Structures are given as C-alpha cells and as structure tokens.
Amino acid sequence: MADGSSETKSSNQMWGGRFASGPDAIMEEINASIGFDKKLYAQDIRGSVAHATMLAHQGIISAEDKDKIVHGLDTILSEIESGAFEFSRRLEDIHMNVEARLATLIGPAAGRLHTARSRNDQVALDFRLWVKEELQKTERALTALISAFLDRAEEHADTVMPGFTHLQTAQPVTFGHHCMAYVEMFGRDRSRVRHAIEHMDESPIGAAALAGTGFPIDRHMTAKALGFREPTRNSIDTVSDRDFALEFLSIASIAATHLSRLAEEIVIWSTPQFGFIRLSDAFSTGSSIMPQKKNPDAAELVRAKTGRINGSLIALLTVMKGLPLAYSKDMQEDKEQVFDAAESLELAIAAMTGMVRDMTVRADRMKAAAGSGYSTATDLADWLVREAGLPFRDAHHVTGRAVALAEQKGCDLADLSLADLQSINPAITGKVFDVLTVEASVARRTSFGGTAPAEVRKQIAWWRARN
C-alpha cells in the first residue's frame, strides 16, 4: 500500500498540472485538433456528401445507404450551425466528430462513408476548399479597396501634393496619382489571388492515404461536384501538398505589407506637422490624458497586423521544410496559422477600405507642401535642356546654383527674379517662370503613367473598365 502511494505520488509529480493523469492526457492534448479544425465543418460535410454520392453512382455503396448518409450529414450541419452539436476532444478532429455523430444518427450505414478515402485526403480536401473560399473573399475585399481608391483618385486628379523619395520632398505630384499607385499595388495582390485559385483548383479526394484506392471511384465526378477544375494527378503529392496554404500566406504577407505602407502614410499624413488628411472618430481615438490628441489607432493596428501575418508564413514554411513524403502529423500545425492570417488580413483590408473612404483630404495643406523643398528644381533643369540646349549634367549644375541662391535669399525658385537667374546662366529667359509652379510641373508630366491630371484620368478609366 505504502509503495503504491509513493509510486502514485511520484507519477503525479512527473506529469503534474493538466497532465496529472500521465501520458494519456499529454497524448490527447497534443493530438487533438478539434479546437481549431472544427472551423472546417461545412467543407468536411460538403466533401462527404460528394464522396457518398459518387460511391453510390459507382455502385460501391447502395442508394439507400447514400440517402441515409446524406440525410444524416444534413442533420449534423444543422446541429452545428444552430450550436446544438457537442464537439469532443476525445474524437480528435472534425472528421471523427462528424463520423461518430453520423453513426449515432443512422447506424451501420455511416461506416460505409469512409470507403475509398482516408483522413489524409479528407483533410487535404477540407482545407483546400476552405482556403479557396477564403481567397475568393479576399478577391472581393481587394476589389472594394481598389474601388475606394479609384473614387478618391478621380476626386483628386488635380489636387497637387509633394511627391517624396527618402521621405524628402522630390517633385510635385497629384494626390490622384498617389492613390493610383495603391491601385496598382492592390491590383497585383488581386492578380496573385486569382492565380492562386487557379493553381489550387484541383480536388484531393480519392488519393486516400497516399497510394490511391482499388475501388472503382470517379474522381472527376467528385471534383466537378465540389467546384474544382479537375482532380489532382499524383496521390503521394496530394496528401503531402500544402503549397496552397503557403501560397495563401505568401499572398497575405505581400498584401499586408502594402496595407502597412499605406497605414504608415496615413499615420504620417494625419500628424499636425503634415496635416494632409483628417480621420473621423470612426477610425481614430482620443488620448486618455491629452485632450487635444486624435490618434490614428486603426491605421497603427493594420500596420501591426503585418508582423502577425508574416509570422504565420514563416511558421508554416518551417513546419514543411523537413517533411518526407507523404503525410506527417506535423501538418496538423498548418491550419491555425492560415486561419489567424486570414482573419487578420480580412480585418485589415476592411479597415483600410473604410479609412480611404472616410478620410478628409486637406488639399490646401497638400498644395502648400508641394512647393516646399524646391520641388520644381527638376523642371528648371528640364527647361534648360529643352529651351537653352544645355546638356542635362550642365543643366543640373546650373539648377543647383539656383537652388543655393534661393536658399540664401529665403525664397522659392519661382520667387527668384529673372536677373537672379540670368546671373547664373544668361540663356535663361522669362519663359522659365511658366514651368516653376507646382501646377505647371504636374501638368507637364504627360508620359504614360505620369502624374499629369489628364494621364491620371486615363489610368482611372482603364482600371474602372477592369475592376
């Protein structure tokens, strides 16, 4: 008795805490995925209905059993959606939870559902269906964000603002042109989403554990029923593949990076020092101690979400990097990363779309800043090349001297007198003042893809026809 008590005490100390019952508790904890993969319930049931229908069509199970299975699965779907379904950690995952409940509802016919399939191809199907649907949601969200930018670009095709390199004033641009830069960025994100859907549009079901099956299944039938272009072509790769999840996370990381760059600009633009935009109370908060402050919290949180999404990509890349073919249990760690990244991306796009539509653009502040930092210096150099026939390097030198003189006098280039400019180079005429205003500067940038208002409107029209 004493020995037994001592042994029990030692065992409890070894396992301790939540795992006091020993290895069984640890194994249940590390093995169970129902806490997160229950999110796949709709895809799991949809795949099972398609599989059962195909089995009956091929004469592998009876029509009567198929009808029982489909009815039972419909019942389970209703129970889950109503909140009446009880998920069990003991049953590990969504597949076994659904299968166990189906057996309770319809009896032995439930056991025929798993004919010619494995949990390996079943989870590959469920996860692929979920990611495909999430990509389709992302495509719609990006389209809404692009539309918001097109509206702002059209509204501000003539609004002059400073263009920056190194966050230093470089040349005048229009705010419409700046908005269209984000249209291009998010347009590429949407293109990547569409390509990813095309890449992953293959049905895994029927690959079974890794070698296929000897039953006369019709994988093209299930692929069509589930909305896939075709079935996958190699059973080993099918159960090993998580490229579709990695591609989703890669796309999410790139899109989040674009969102973060925009968020950073919104944070900067909304400062009193810039004052280019104002955000309403819907997307900003007050300070707990400083009543004058209005903080761009929504933009800052979007900026922060990027690190979280990038972390998910690195985590799954690390999980997959050393796995031999075919399936390994490590791959259970794929879903939480994708689920979390998808939720973060969806929220970030929605928040940014809201901010783009919500922000008040202060055109007067933008225009005042556009002329700072001698932003029309390049226009002076171009004029010297075009009108005075100077080589560009010589024109660059002359312009540098003009900027130095303006700094010395404490004025802008356009405020220098003709005599001032001719003291630097006698070839300069009064016509030079036609190019030294910010409005003239942007109007002359008519090259394809340039900032001239007319060119911006052309690009807006091109995108509206394709959005």
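One residue alone among 270, 235, 250 is hydroxyl-bearing (Ser, Thr, Tyr) and under 14 Å from residue 355 (Cα atoms), and that residue is 270.
Among the residues of segment 210-232, those that are farther than 22 Å from residue 338 by Cβ, among the charged types (D, E, K, R) and touching a residue at least 12 places away in the same chain (Cβ under 8 Å) comprise 218, 219, 230.
Yes or no: residue 128 within 17 Å of residue 252 (Cα to Cα) and in contact with a strand residue (DSSP E or B) (Cβ under 9 Å, 6 or more places away or on another chain)? It is true that residue 128 is within 17 Å of residue 252 (Cα to Cα) and in contact with a strand residue (DSSP E or B) (Cβ under 9 Å, 6 or more places away or on another chain).
Condition check ((1) in contact with a strand residue (DSSP E or B) (Cβ under 9 Å, 6 or more places away or on another chain); (2) buried (at least 22 other Cβ atoms within 10 Å of the Cβ); (3) within 30 Å of residue 440 (Cα to Cα)) across all residues:
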position	(1), (2), (3)
170	yes, no, yes
202	yes, no, no
215	no, no, no
222	yes, yes, no
240	no, no, no
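In the condition set (1) modelled with pLDDT under 95; (2) in a helix (DSSP H, G or I); (3) touching a Ser or Thr at 6+ places or on another chain (Cβ under 6 Å), residue 313 is compliant with all but (1). When residue 139 is tested against the conditions (1) in contact (Cβ under 8 Å) with a residue 60 or more places away in the chain; (2) assigned to a helix (DSSP H, G or I); (3) under 30 Å from residue 333 (Cβ atoms), the lone failure is (1).
Tell me, which residue of segment 73-120 that is assigned to a loop (DSSP other than H, G, I, E, B) and in contact with a Ser or Thr (Cβ under 7 Å, 6 or more places away or on another chain) is surrounded by the fewest Cβ atoms within 10 Å (Cβ to Cβ)?
92
Counted as qualifying within segment 353-422 are the helices (runs of 4 or more DSSP H) with 3 or more residues that are out of contact with any helix residue (DSSP H, G or I) (no Cβ under 7 Å at 6 or more places or on another chain) and open to solvent by 70 Å² or more (accessible area, probe 1.4 Å), namely 363-370, 392-409.
Against the numbered list (1) at pLDDT below 95; (2) more than 19 Å from residue 456 (Cβ to Cβ); (3) hydrophobic (A, V, I, L, M, F, W, C); (4) crowded, with 23+ Cβ neighbours inside 10 Å, residue 249 comes up short only at (1). The residues in segment 165-217 that are under 26 Å from residue 240 (Cα atoms) and of a type in the set (D, E, K, R) can be counted, and the count is 5.
For segment 434-456, the criterion of being touching a Gly at 6+ places or on another chain (Cβ under 6 Å), open to solvent by less than 40 Å² (accessible area, probe 1.4 Å), part of a helix (DSSP H, G or I) and more than 21 Å from residue 374 (Cα to Cα) is met by at least one residue. State whether the residues of segment 296-307 include one that is modelled with pLDDT under 95 and not in a helix (DSSP H, G or I). Yes, segment 296-307 contains at least one residue that is modelled with pLDDT under 95 and not in a helix (DSSP H, G or I). I'd like the residue in segment 171-204 that is part of a helix (DSSP H, G or I) and among the hydroxyl-bearing types (Ser, Thr, Tyr) and, out of all such residues, is nearest to residue 374 (Cα to Cα). Out of the qualifying residues, it is 182. A count restricted to segment 25-66 and to residues that are open to solvent by less than 30 Å² (accessible area, probe 1.4 Å) and at pLDDT 90 or above stands at 14.
Residue 142 falls short on exactly one of the conditions (1) among the hydrophobic types (A, V, I, L, M, F, W, C); (2) over 30 Å from residue 191 (Cβ atoms); (3) open to solvent by less than 30 Å² (accessible area, probe 1.4 Å), and that condition is (2).
The values are calculated or read from the model by the stated rules, or taken from the named source; none is laboratory data. These numbers come from a predicted model, not from an experiment. Note: ideal-geometry Cβ built from the backbone for every residue, glycine included; neighbour counts use all protein chains shown. Heavy atoms of the whole protein, side chains included, go into the accessibility calculation; ligands, DNA and RNA do not. Shrake-Rupley method; radii C 1.70, N 1.55, O 1.52, S 1.80 Å.
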